[in-house]
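This report concerns only the one structure given below.
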Amino acid sequence: MPINILIADDHPIFRKGLVDILHIALSDCNIQEVSDGEQAIHFLQKHNCNIALLDVDMPQTDGFTVCKEIKANYPNTKVVFLTMYKDTTVFHTAMELGADGFLLKDNTAEEIIECLEKVRKNQKYISSQLGEYQSEYQEYSKKKRKLKALLDDLTPTERRTLKLVSENYSSKEIADILFVTAKSVENYRSRICKKLGLETGNNALVKWTLDNKELLKQVEW
């Protein structure tokens, strides 16, 4: 059965080289090209696609937004990011969104083909250059699940207080925002520390938010 591949990348010379590689290596592929994320979404609304090869940075709509759209509405379309960014934050974001593959633009043609063949068979594929990122992501996911369990134990007021602490608001400023007394805020902070297993005191909670800064950015407050 032919495989339908969509390439979304705003660099025409790169797209041309990639198309040539795929046509040589995959005799049964149909390839379509678009130059930005918005065009990618419009294409997916009208055509079947087995694999979408997405750059991260694109005009109009970025690759992460396209990936969200695909995972929400086109479950039969696999997503492979093909990017120049060798960056843990980019990698973690892609994995969080459910990407099926992650490649770097300086990977070999052979590795790109290997990735597509594995993704086609419902297997995940990560660039050979990013082995350490994979183990880091597993640890990151573990910490994120633990954080979610901790936050779920907080009351809505405690969660809002923690959010404001993470945004560097003082107790007095938090009291003004929540329309409560400073003493009430101190009580909230004390209860939060207890639930998080921290020593009580302003510094302990502030330090915890700093230590978990990247994870807290992912929280849907």
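Taken together, the values in this text are just the output of simple stated rules run on the coordinates, not laboratory data. Note that the structure is a prediction, hence the values are computed from the model and not measured. Virtual Cβ from ideal backbone geometry, glycine too; neighbours counted across all protein chains shown.
Of note:
- Cβ-based exposure ranking for Leu162, Leu216, in which fewest neighbours within 10 Å come first: Leu216, Leu162
- With one equal scatterer per alpha carbon and no solvent term, the Debye-computed log10 I(q)/I(0) for the range 142-216 at 0.23, 0.27, 0.28 1/Å reads -1.07, -1.45, -1.54.
- Taken along its principal axes, the alpha carbon cloud of the range 1-56 reaches lengths of 28, 26, 14 Å, longest axis first.
- Rg over Rh, two decimals, the range 3-133 (C-alpha only, Kirkwood Rh): 0.91
- Rounded to 10°, Cα long-axis angle of helix 131-152 versus longest principal axis of the chain: 40 degrees
- Compared with the dominant principal axis of the Cα atoms in the chain, helix 37-46 is inclined by about 60°.
- Global size of the chain as Cα Rg and Dmax, reported in angstrom: 22.2, 71
- Stretching the chain fully between Leu210 and Ser27 yields a gain of 60.7 nm (0.36 nm per residue, less the alpha carbon separation).
- Rounded to the nearest 10 degrees, the angle from helix 63-73 to the longest Cα principal axis of the chain is 90 degrees.
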